[in-house]
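Trainee: Structure below; questions to follow.
The values are calculated or read from the model by the stated rules, or taken from the named source; none is laboratory data. Since the structure is predicted, the reported quantities are computational estimates derived from the model, not experimental observations. Neighbour counts run over all protein chains shown; Cβ positions are idealised from the backbone, glycine included.
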Amino acid sequence: MQRLQLDLLDLPPAAGPLREEVRGWLREALAGTPAARRARSWGGFDPEFSRRLGERGWIGMTWPRRYGGGERSALERLVVLEELLAAGAPVAAHWVADRQSGPLLLRYGSEGQRERLLPRMARGELVFCIGMSEPGAGSDLAAIRSRAESVSGGWRLRGSKLWTSNAHRSHYMIGLFRTRPEAESRHEGMSQLLVDLATPGITVRPIRDLSGDEHFCEVVFEDALVPEEALLGAEGAGWAQVMAELAFERSGPERYLSSFQLLLELVRAAGPAPEPALAAGIGRLVAHLATLREMSLAVAGCLAAGRDPSLEAALVKDLGTSFEQEIPEVAHALLGRAPRPEGGDDFEQVLGFLTQTAPSFSLRGGTREVLRGIIARGLGLR
Amino acid sequence: MSETAALLRETAERLLRDHCSRATLEAAERGEWPAALWSALEASGLPEALAPEAAGGAGVAWREALEVLRAAGRHAAPVPLAETMGATALLAAAGLERPPGPLALAAPEAGVALEIVGGTGGWRAQGRLAAVPWGGQASHVVTTALLDGRPQVLLLRRADAAVRRGSSLAREPRDELRFEGAPLRAAPLPPPLSADAALVLGALARAAQIAGALERLLEDSVRHARERSQFGRPIGSFQAIQHALAVLASETAAAATAAALAARAAERGDPTLAVAAAKIRAGEAAGIGARIAHQVHGAIGFTYEGALHFWTRRLWAWRAEYGSERAWAERLGRSVAARGSEALWPDVTAGLGAQVDAASDGGVPR
C-alpha cells in the first residue's frame, strides 16, 4: 500500500502580491459580467479575454522568455489559475494551450514548432484541443484506432476523435494516434501528433450537449497529411506521454471550482443572517472547499518538487468533482428553488446551468470509475 | 514533513505501538487506568510537546504536534494525551504552571452551567462540567471562559469536584464534575485565542485523532480485503470493494488535510474557523469511513472479538465531541454569511485563518 503524500503547501511570499494584482485586474475586467456567464467557469470561451490575459503575461507564465513565457514558478501560475476560476473568468480559449499543449511542445516539440507556436499561445492567440477519446475508446483509451501512417512527406491520418472540447474553435489538436497497429501490446505503438486543424482532409463537427450548448466535437480524419515534424516525442511512446500529461490535468483548481459560482449565489441568496439549517449547509460546503483547495495545492507541491503524485491527483479529482456535483444538490435542497437557465434570477440561472452541466464533471478527464481504479491500484488491490 | 514532525511521529508511533495492545484497550474499557502507558508517555515528554521550553515543554509547532495527535488516533490510545497536550498549551499561553499528572480539557457546552464567582485573586467555581474526557482520572481540569471581560484560562483541581462517572461509545471516561465553591486559578489568555479556546483546541485535537483513526481503518480494511477470500478469490479483487476502499482512502486523506489546515491556522492566528472546517470535514469522513470499513469487514467487524470497533466507536464518539459537525457548520456558515460572498474566496485563500470570526459570541478583541 502506497503511502499518501499530501503535505500542506505554503505558497511562496511572492504569491501574495501577485494574487492581489490578479484579483484587482479581474474585478475590473469582469465587472458587469452576469452570474450565468461566470458560471461557465473554464468552459467560458472568449478569445478577446484570453488575448488581454496574454498581454498581462498570465498565459504560459512558466515558459522560457525566448518563447514568450514569463519564467515564473509553477506555484505563481497556480495562483493566477485559482483567481481566474474563482472569479468565473472565461478562460476556455487558452486553457488547454496553457495547461497541456504548451508544456508538451516545450518538452517534445521541434525548435521550429516552439518558436512558431509558443509565443502566439502565450499571447492567447492560438486555441488548442486534446484528441484522445474516440467512438470506441472512452474510458478505455488504449482502444483507440485512429491511425497515423508514416508516408513520404509526413504522416497520413485516418480515423476519428470524439468528445474533443472546443475542436470547432481550435487551431491545433495534439492527438493520440496508432503509428504501429501491429504492436503486440495494446499500450504500445501509439504516438502523439501535433495537428493543424486547417489541414485538408479534417472535418470538425460540433455535437450539441443536453443543454443545447455546442462545446465538444467529433473530428474526422480522411487521409489528412501532416508533416514529419508533427510527431511529438518518441514514436511509440504515446501512452507513457499521455499518462504523464494526465497527472497535470487531474488535480488543478478546475477540478473543484466548476460550481463555485453557485456557492457564491447561495451565500448571496442566504443573506447576512441565515436561519440555522441554511447556515449549517453553507458552512459544510465551505469546509469541503477549504479542504479541497489544500489538497489540490498539496498535489501541486508534489509536482513542483518533482514527485509523481498520480495517486494523490486521482484522489483529489474524485473528491473535487464529487464536491462540484454536490453543490447544485445542496443548493437546491437548502433553498428549494427551481433551476431556470432562462428568465430566472441569478441563483436560478446558475443552478439551471450547473444542474445540467454537473454530470460531465465526473466524466471529463477520466471518469470517477477510472480514478477509483487508479486509487485501488495505489492501495495494492490491483 | 519537517524533521521535528518526523521525529515526533516516530517517537509517538513506537511508544504507542508498544503500549496500546488489545489487552490494554480492553482493560481501559473496564475502567482500569493504563498506568504503564501513561508513565511511558510522561517519560517521553510528548504530553508537554506544545508548551514552550521555558515552561518545561518542547515548544513544537502545532503542525508538528499534529503527528502525535494522529498517532494517538491511530493507536486508539486510551489516555488523555490529546487533552493534556491542549491543556498544557493553554496553561503555558496564560503563564500558569502546569501541575503534574494527566490533565482534562473541558469545553463548557450550552446549557451546562459553571458559574465563576469572586474576583481577581479569589475566583471560585460553582456548578458542573458535563462529559469531561477523563475528568475523573485527571489531576486537574483546564478550561477557558470570559472573566472580567477577557478570555482567561481556568485551572481547577479534580480533587475539589464531585465526580459522576460517564463514558463515551468507546467506553472512554466522560465524567461529570460538580464544583461547590471550589477555588481555581485564572490567568488571561493572550490574543488571538478567544474565550472558547478550550473548545477550539479540543476540536482541533479530535479532528487530528479522527484522521489517525481513519488511517488505521484504511490499513486494516485493505489488509482484510486482500486476505479474506470468497468465491475463490480475495474480496479486494472485486471492483465494488476496490471502489469502496478508494473512497475510504480519499476520506482519510481529506480528514488529514483538514486537520493540518487547522493546525497551520493555530500557528498563525485565531484558528477558530479553520478548526470549524477541520472538525466538519473530519467528522464527515469519520461517518463515511466507519461505514465503509464495516461493510468491507463483514460480520467479523461487528463482533467484539474483531478489533475494528476500537476505532469505529471512537470515530462515532469523537465526531460529536468538542462541537458536533452541525454546531461547527452553523458557526462557520454564519460567519461566511455575515462576511458576504465577496469575502468568501479571499478568506479561503487565507486558509480560513486571517478573518474575524463574525459568529463568535464574546466579541473578543484580536
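Trainee: For region A:367-377, state whether one or more residues are surrounded by fewer than 16 Cβ atoms within 10 Å (Cβ to Cβ) and either more than 14 Å from chain B (Cβ to nearest Cβ) or under 27 Å from A:Pro276 (Cβ atoms) (or both).
Mentor: No, there is no match, as no residue in region A:367-377 is surrounded by fewer than 16 Cβ atoms within 10 Å (Cβ to Cβ) and either more than 14 Å from chain B (Cβ to nearest Cβ) or under 27 Å from A:Pro276 (Cβ atoms) (or both).
Trainee: For region A:232-266, how many residues are under 20 Å from the mean Cα position of the chain (by Cα) and within 14 Å of chain B (Cβ to nearest Cβ)?
Mentor: 10
Trainee: So is B:Arg150 surrounded by fewer than 22 Cβ atoms within 10 Å (Cβ to Cβ), of a type in the set (D, E, K, R), assigned by TED's automatic domain parsing to the domain that holds B:Ala55 and within 16 Å of B:Arg178 (Cβ to Cβ) or not?
Mentor: Working: surrounded by fewer than 22 Cβ atoms within 10 Å (Cβ to Cβ): yes; of a type in the set (D, E, K, R): yes; assigned by TED's automatic domain parsing to the domain that holds B:Ala55: yes; within 16 Å of B:Arg178 (Cβ to Cβ): no.
No: the conditions fail for B:Arg150.
Trainee: Might you check whether a residue that is under 27 Å from B:His309 (Cα atoms) and in a helix (DSSP H, G or I) occurs anywhere in region B:49-57? Before the answer, list the steps.
Mentor: Taking region B:49-57 and keeping what is under 27 Å from B:His309 (Cα atoms), we get none.
Checked against the condition, which is being under 27 Å from B:His309 (Cα atoms) and in a helix (DSSP H, G or I), region B:49-57 yields no hits at all.
Trainee: Hey, can you tell me all the residues within region B:294-318 that are farther than 21 Å from B:Ala23 by Cα and aromatic (Phe, Trp, Tyr)?
Mentor: If the condition is that a residue be farther than 21 Å from B:Ala23 by Cα and aromatic (Phe, Trp, Tyr), then B:Trp316, B:Trp318 are the ones that fit.
Trainee: So which of B:Leu204, B:Leu129 is touching a Pro at 6+ places or on another chain (Cβ under 9 Å) and in the same structural domain as B:Ile280 (by TED's automatic domain parsing)?
Mentor: Numbers: B:Leu129 fails: in the same structural domain as B:Ile280 (by TED's automatic domain parsing).
Matching residue, one of B:Leu204, B:Leu129: B:Leu204.
Trainee: Give, as residue ranges, the strands (runs of 3 or more DSSP E) completely inside region A:116-210 that count at least 3 residues that are aliphatic (A, V, I, L, M). Before you say what the answer is, go through the steps one by one.
Mentor: On the way: elements: A:128-131, A:147-151, A:154-165, A:172-178, A:190-196, A:202-208.
It comes to A:172-178, A:190-196, A:202-208.
Trainee: Mind checking whether some residue in region A:91-100 is buried (at least 18 other Cβ atoms within 10 Å of the Cβ), in contact (Cβ under 8 Å) with a residue 40 or more places away in the chain and farther than 19 Å from A:Gly54 by Cβ?
Mentor: Keep residues of region A:91-100 that are buried (at least 18 other Cβ atoms within 10 Å of the Cβ), which gives A:91-100.
Cutting the leftovers down to in contact (Cβ under 8 Å) with a residue 40 or more places away in the chain gives us A:91-96, A:99-100.
Next, from what is left, pick out any that are farther than 19 Å from A:Gly54 by Cβ: none.
Among the residues of region A:91-100, not one is buried (at least 18 other Cβ atoms within 10 Å of the Cβ), in contact (Cβ under 8 Å) with a residue 40 or more places away in the chain and farther than 19 Å from A:Gly54 by Cβ, which makes the answer no.
Trainee: Now for a separate question. Sort out for me the helices (runs of 4 or more DSSP H) sitting completely within region A:63-110 that have 1 or more residues that are of a type in the set (Phe, Trp, Tyr). Give the derivation first.
Mentor: Numbers: elements: A:74-86, A:92-96, A:102-108.
So the answer is A:92-96, A:102-108.
Trainee: Kindly establish whether B:Glu42 is within 14 Å of another protein chain (Cβ to nearest Cβ) and without any contact (Cβ under 8 Å) to a residue 40 or more places away in the chain.
Mentor: On the way: within 14 Å of another protein chain (Cβ to nearest Cβ): no; without any contact (Cβ under 8 Å) to a residue 40 or more places away in the chain: yes.
Against the criterion (within 14 Å of another protein chain (Cβ to nearest Cβ) and without any contact (Cβ under 8 Å) to a residue 40 or more places away in the chain), B:Glu42 does not qualify.
Trainee: If B:Ala259 passes every condition in (1) more than 9 Å from chain A (Cβ to nearest Cβ); (2) touching an Asp or Glu at 6+ places or on another chain (Cβ under 7 Å) but one, which one does it miss?
Mentor: (2) is the only condition that B:Ala259 fails.
Rundown of residues vs (1) buried (at least 23 other Cβ atoms within 10 Å of the Cβ); (2) more than 10 Å from chain B (Cβ to nearest Cβ); (3) under 20 Å from A:Gly88 (Cα atoms), yes/no style:
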| residue | (1), (2), (3) |
| --- | --- |
| A:Arg268 | no, no, yes |
| A:Pro272 | no, no, no |
| A:Pro276 | no, no, no |
| A:Arg284 | yes, no, no |
| A:Leu292 | yes, no, yes |
| A:Gly306 | no, yes, no |
| A:Ser310 | no, yes, no |
| A:Glu326 | no, yes, yes |
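Quick grid of which residues meet (1) assigned to a helix (DSSP H, G or I); (2) surrounded by 19 or more Cβ atoms within 10 Å (Cβ to Cβ):
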{"residue": "B:Leu91", "(1), (2)": "yes, yes"}
{"residue": "B:Arg98", "(1), (2)": "no, yes"}
{"residue": "B:Val132", "(1), (2)": "no, yes"}
{"residue": "B:Leu154", "(1), (2)": "no, yes"}
{"residue": "B:Ala159", "(1), (2)": "yes, no"}
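Trainee: Now a separate question. Please list, ordered by first then second residue, the pairs with beta carbon atoms under 8 Å, 6 or more apart or interchain, first in region A:1-29 and among the charged types (D, E, K, R), second in a loop (DSSP other than H, G, I, E, B).
Mentor: Matching pairs, first to second residue: A:Asp7/B:Met1; A:Arg23/A:Ala87; A:Arg27/A:Ala87.
Trainee: Also: How many residues are of a type in the set (A, V, I, L, M, F, W, C) and more than 13 Å from chain A (Cβ to nearest Cβ) when one looks only at region B:211-239? Don't jump to the end; show me each part of the working.
Mentor: Of region B:211-239, the ones of a type in the set (A, V, I, L, M, F, W, C) are B:211, B:213-214, B:217-218, B:222, B:225, B:231, B:235, B:238.
This time we only want the ones that are more than 13 Å from chain A (Cβ to nearest Cβ), so: B:213, B:231.
So the answer is 2.
Trainee: While we're looking at this one, here's another question. B:Ala253 versus (1) crowded, with 24+ Cβ neighbours inside 10 Å; (2) in contact (Cβ under 8 Å) with a residue 24 or more places away in the chain; (3) not charged (D, E, K, R): which is the lone unmet condition?
Mentor: Every condition holds for B:Ala253 apart from (2).
Trainee: State which residue is surrounded by the fewest Cβ atoms within 10 Å (Cβ to Cβ) when the search covers only region B:303-346 and only residues that are under 20 Å from the mean Cα position of the chain (by Cα), within 14 Å of another protein chain (Cβ to nearest Cβ) and among the hydrophobic types (A, V, I, L, M, F, W, C).
Mentor: B:Ala327
Trainee: Does A:Pro103 qualify as being outside the structural domain of A:Glu229 (by TED's automatic domain parsing), over 19 Å from A:Ala230 (Cβ atoms) and surrounded by fewer than 21 Cβ atoms within 10 Å (Cβ to Cβ)? Show your work before the answer.
Mentor: Working: outside the structural domain of A:Glu229 (by TED's automatic domain parsing): yes; over 19 Å from A:Ala230 (Cβ atoms): no; surrounded by fewer than 21 Cβ atoms within 10 Å (Cβ to Cβ): yes.
For A:Pro103, the condition - outside the structural domain of A:Glu229 (by TED's automatic domain parsing), over 19 Å from A:Ala230 (Cβ atoms) and surrounded by fewer than 21 Cβ atoms within 10 Å (Cβ to Cβ) - is not met.
Trainee: With (1) free of Cβ contacts under 8 Å to residues at least 40 places away in the same chain; (2) small (Gly, Ala, Ser); (3) within 12 Å of another protein chain (Cβ to nearest Cβ) as the list, and A:Ala298 as the residue in question, which single condition is left unmet?
Mentor: Checking A:Ala298 against (1) free of Cβ contacts under 8 Å to residues at least 40 places away in the same chain; (2) small (Gly, Ala, Ser); (3) within 12 Å of another protein chain (Cβ to nearest Cβ), the one that fails is (1).
Trainee: Name the one entry in B:Thr11, B:Thr84, B:Thr4 that is surrounded by 21 or more Cβ atoms within 10 Å (Cβ to Cβ), in a helix (DSSP H, G or I) and polar (S, T, N, Q). Break it down stepwise before answering.
Mentor: On the way: B:Thr11 fails: surrounded by 21 or more Cβ atoms within 10 Å (Cβ to Cβ); B:Thr4 fails: surrounded by 21 or more Cβ atoms within 10 Å (Cβ to Cβ).
Sole residue among the options that is surrounded by 21 or more Cβ atoms within 10 Å (Cβ to Cβ), in a helix (DSSP H, G or I) and polar (S, T, N, Q): B:Thr84.
Trainee: Answer with yes or no whether B:Ala320 is assigned to a loop (DSSP other than H, G, I, E, B), at pLDDT below 95, among the small types (Gly, Ala, Ser) and not assigned by TED's automatic domain parsing to the domain that holds B:Ala170.
Mentor: On the way: assigned to a loop (DSSP other than H, G, I, E, B): yes; at pLDDT below 95: no; among the small types (Gly, Ala, Ser): yes; not assigned by TED's automatic domain parsing to the domain that holds B:Ala170: yes.
Taking the combined requirement at face value, the residue does not satisfy it.
Trainee: Which ones in region A:22-51 are assigned to a helix (DSSP H, G or I), away from chain B (no Cβ under 14 Å) and of a type outside the set (Lys, Arg)? Write out each step before concluding.
Mentor: Residues of region A:22-51 assigned to a helix (DSSP H, G or I): A:22-29, A:35-38, A:41-43, A:47-51.
From what's left, away from chain B (no Cβ under 14 Å): A:25, A:28-29, A:36-37, A:42-43, A:47-51.
Residues satisfying the conditions are A:Trp25, A:Glu28, A:Ala29, A:Ala36, A:Trp42, A:Gly43, A:Pro47, A:Glu48, A:Phe49, A:Ser50.
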